[in-house]
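Values in this text are rule-based calculations from the coordinates and carry no lab data. The structure presented is a predicted model; accordingly, all values stated were derived computationally and were not measured. In this analysis, Cβ positions are derived from the backbone assuming ideal geometry, glycine residues included, and neighbour counts consider all displayed protein chains.
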Amino acid sequence: MHQKTIKSKISFKGVTLHSGTISSIKLIPAPANHGIVFSKVDVKSKNKIPANISSVKQAKLCTTIGNNEISISTIEHLMAAIAGYEIDNLLVEVQGDEIPILDGSSKEFSEAIAQTGFEVQSATKKYLNIEKTITVKDGSKFIVAEPTSKKNLEINYTIDFHDNFIKKQSKKIILDQKGFNEIYDSRTFCLQKDLEKIFKMGLARGGSLDNAIVVSNDKVLNQEGLRYKDEFVRHKILDCLGDLYLCGFPIIGKITCYQGGHELTHKLVSNLFSQKKAWSFLNTKNSILPRSKTDTSKNQLVVNL
Ligand code: ZN
């Protein structure tokens with residue numbers, strides 16, 4: 001298996017969800033072993049931010065990466081598109097402080113990337129194989145990463161809103177191309193009753209029915225309705241996929257999440273890296289050996305937030 005980048009430059013421009021300003025980004029092919037790196041082109045100093053867990057600054061309703069001087073917000077849907085196609089090397093030039101929200105999903109990013117195509121590079125690709133079960137808990141919320149004898153990333157996600165519309169939704173996705181096609185166009189969402197609180201936090205200034213699903217009691221306010229009956233849990237899987245890619249490599253393992261969000265996924269990735277025996281690198285998806293249940297159960301790590 002070889003590393004890959006995109007074949008040619010792609011540009012996007014649009015309103016941002018939280019700051020409500022217009023920003024533009026360029027996805028630029030990058031050499032082997034470069035990784036996914038964001039660069040703010042409207043500042044002079046320290047403008048390179050690698051898309052990895054140590055760059056994460058905060059996770060209030062979106063994923064923000066940065067350093068002492070600059071930050072770039074709402075990277076998760078773009079990261080999900082990059083993860084969906086397992087792109088290893090990419091430079092993301094950003095004019096602004098936030099990635100454009102577009103339609104609230106990773107649809108436009110994914111379609112443009114697929115249309116441009118990929119450049120296979122000579123360097124060997126690395127997968128991060130989960131070796132040990134890691135659980136991160138926050139009250140009743142939890143996320144678990146565990147080893148799998150299959151050769152893929154599986155995400156099992158459950159949300160329970162205790163409301164009249166979203167209610168409880170669960171979905172399992174195997175992240176191959178078919179699985180990614182089931183989530184890539186699922187949009188971000190919020191409850192109308194939470195909007196006042198969100199606006200008071202200074203967030204969602206660019207939010208509209210063009211880029212988010214808004215749920216009011218037992219209906220959605222968007223005229224076109226939902227793209228899928230369970231679009232909500234599909235979007236949570238999309239967010240999770242984007243945040244997991246902050247480990248810098250495609251993951252081979254099984255992720256189970258209940259009522260999670262950006263913060264919980266970030267904690268999982270940082271706990272994974274703090275445990276050297278929790279993961280290993282594989283050069284190909286096919287080199288995974290079958291393992292017995294006892295192999296996995298004796299290695300457990302539980303983290304309580
Ligand atoms: Zn999202």
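What is the distance, in nm, between label points placed 7 Å from the Cα along the Cα-to-Cβ direction at residue 176 and at residue 273?
3.1
Using the count of nearby Cβ atoms within 10 Å as a rough guide to exposure, how do 133, 188 rank from fewest to most? The partial results should precede the final answer.
Working: 133 19, 188 25.
In increasing order of surrounding Cβ atoms, one gets 133, 188.
Kindly flag which residue pairs out of 44/193; 137/200; 7/229 have an alpha-carbon separation exceeding 31 Å in this structure. Spell out each step's value before the answer.
On the way: 44/193 41 Å; 137/200 28 Å; 7/229 35 Å.
Listed pairs above 31 Å: 44/193; 7/229.
When the convex hull of the C-alpha atoms of segment 1-98 is computed, what volume per residue in Å³ does it have? Write out the running numbers ahead of the final one.
Working: hull volume 10.1 nm³, N = 98.
Given the Cα convex hull of segment 1-98, per-residue volume reads 104 Å³.
Given springs between every Cα pair under 10 Å in a Gaussian network model of the chain, which of 206, 248, 84 has the largest fluctuation?
Between 206, 248, 84, it is 206 that shows the largest mean-square fluctuation.
Just to be sure I understand the model, the point goes 7 Å from the Cα along the line to the Cβ. What's the resulting residue 48 to residue 227 distance in nm?
Roughly 3.4 nm, to one decimal.
Considering just Cα atoms, how many Å³ per residue does the convex hull of the chain enclose?
Working: hull volume 39.8 nm³, N = 305.
In the chain, the Cα convex hull volume per residue is 130 Å³.
What residue among 36, 159, 252 shows peak mean-square fluctuation when the chain is described by a Gaussian network model with Cα springs under 10 Å?
Between 36, 159, 252, it is 159 that shows the largest mean-square fluctuation.
Only loop residues by DSSP count here, and only those with at most 15 other Cβ atoms within 10 Å; note down the trypsin sites (Lys or Arg not before Pro) in segment 174-250 that meet that. Don't skip to the answer; put the middle values down first.
On the way: sites: 178, 187, 193, 197, 200, 205, 219, 227, 229, 234, 236; in loops: 187, 205, 227, 229.
Those that pass, being in a loop and sparsely packed, are 205, 229.
Calculate the length of the line joining the C-alpha centroid of segment 1-48 to that of segment 156-177, in whole Å.
First find each Cα centre; the distance between them is then 30 Å.
How large is the translational diffusion coefficient of segment 79-123 in µm² per second when you combine the Kirkwood radius over alpha carbon pairs with Stokes-Einstein at 20 °C and 1.002 mPa s?
Numbers: Rh = 11.9 Å.
Estimated via Stokes-Einstein, D reaches 180 µm²/s.
Please list, by residue number, every one of the trypsin sites (Lys or Arg not before Pro) in segment 1-67 that is coil in DSSP and has at most 14 other beta-carbon atoms within 10 Å. Walk me through the intermediate numbers first.
Numbers: sites: 4, 7, 9, 13, 26, 40, 44, 46, 48, 57, 60; in loops: 7, 9, 44, 46, 60.
Here the trypsin sites (Lys or Arg not before Pro) that fit, given the DSSP loop and packing criteria, are 7, 9, 44, 46.
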